[in-house]
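Below you'll find the structure, written out as structure tokens, and then a few comments.
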Amino acid sequence: MTKKFTVVDEGFTCSVCFAEVPVLGYTSRDHCNACLCSIHVDNNPGDRQNECRGVLRPIGLELNKKGRQIVYKCEKCGTKKKNIAADDDNGELIIELSAKPLTED
């Protein structure tokens, strides 16, 4: 049986905005804190087993029992995913996302 969550907290250079993204320090870093984009690399969080490698663009924000979750859509394959917003995420972009209605497309 494989684990559903693998902790991978690494810094990286964002391939979308080229910001230097630091280690998060309290859980896995899974998106750029500057532009909020991510890369579609995981099937389960942290496994790095997905071969798509498309850009996951933030399309909205959901508030639920897990807190603020950024909703993403992959530009390459169309998959939608959610990631918990990090404490150091760009606050202005989080506010912009919260004003966008989520659609089913």
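Couple of notes before you dig in:
- I70 under 12 Å from the mean Cα position of the chain (by Cα) and over 19 Å from A99 (Cα atoms): no
- For V21, the conditions (1) modelled with pLDDT under 95; (2) over 26 Å from L102 (Cα atoms); (3) not basic (K, R) all hold with the exception of (1).
- Qualifying residue in segment 50-58 (condition: over 27 Å from A99 (Cα atoms) and basic (K, R)): yes
- Residue in segment 1-13 that is farthest from the chain's Cα centre (by Cα), counting only those that are without any contact (Cβ under 8 Å) to a residue 40 or more places away in the chain and in a loop (DSSP other than H, G, I, E, B): M1
- Scanning segment 14-37 for residues that are at positive phi and under 13 Å from the mean Cα position of the chain (by Cα) gives a single hit, L36.
- Identity of the residue in segment 21-37, in contact with an Asp or Glu (Cβ under 8 Å, 6 or more places away or on another chain) and of a type in the set (V, I, T), that ends up farthest from D88 (Cα to Cα): T27
The values are calculated or read from the model by the stated rules, or taken from the named source; none is laboratory data. Every value quoted in this text rests on a predicted model; they were computed, and no experiment measured them. All Cβ positions, glycine included, derive from the backbone under ideal geometry; neighbour counts span all protein chains shown.
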